[in-house]
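One structure is given below, encoded as structure tokens.
The values are calculated or read from the model by the stated rules, or taken from the named source; none is laboratory data. It should be emphasised that the depicted structure is a prediction, and the values quoted were computed from it without experimental measurement. Heads up, the Cβs are rebuilt from the backbone with ideal geometry, glycines too, and the neighbour counts pull from every protein chain shown. The protein model used for the area step is the full one, side chains on, heavy atoms only, and it has no ligands, DNA or RNA in it. Shrake-Rupley method; radii C 1.70, N 1.55, O 1.52, S 1.80 Å.
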Amino acid sequence: MARPARRMTMAQYLKSHTDRKEDGQNAALVGMTTAAFKKTQQAKAIDRQMVSLMNRTSTKGRRH
């Protein structure tokens with residue numbers, strides 16, 4: 001995964017192509033539809049972890 005240039009909010013991440021692709025892959029992995037998978041606690045936890053990771057590794061908009 002490339003380093004994101006800017007910090008991202010949860011709302012921005014949930015609208016992103018990356019999230020849609022990831023949710024589709026994870027849903028297929030566990031044998032659920034994407035809509036059903038997005039409602040699970042695991043999907044929400046993954047989204048929170050991804051936003052946290054992206055914000056820790058972002059290169060712009062950081063406070064030093």
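Quick one: count up the residues across region 1-24 that are surrounded by fewer than 11 Cβ atoms within 10 Å (Cβ to Cβ) and over 18 Å from Ser58 (Cβ atoms).
Residues that pass the stated criteria total 1.
Residues that are touching a Ser or Thr at 6+ places or on another chain (Cβ under 7 Å): list the helices (runs of 4 or more DSSP H) wholly contained in the chain that include at least 2 such residues.
Details: elements: 10-15, 17-30, 34-38, 41-57.
Per the criteria, 17-30.
Of the conditions (1) at pLDDT below 95; (2) open to solvent by less than 80 Å² (accessible area, probe 1.4 Å); (3) of a type in the set (D, E, K, R), Asp47 satisfies every one except a single condition; which number is it?
Checking Asp47 against (1) at pLDDT below 95; (2) open to solvent by less than 80 Å² (accessible area, probe 1.4 Å); (3) of a type in the set (D, E, K, R), the one that fails is (1).
Residue pairs, Cβ under 7 Å, 6 or more apart or interchain, first in region 16-35 and more than 18 Å from Leu53 (Cα to Cα), second open to solvent by 80 Å² or more (accessible area, probe 1.4 Å) and outside any loop (DSSP other than H, G, I, E, B). List them.
none
Check off (1) loosely packed, with under 11 Cβ neighbours inside 10 Å; (2) in contact (Cβ under 8 Å) with a residue 12 or more places away in the chain for Ser58 and give me the number that stays unchecked.
Exception for Ser58: condition (1).
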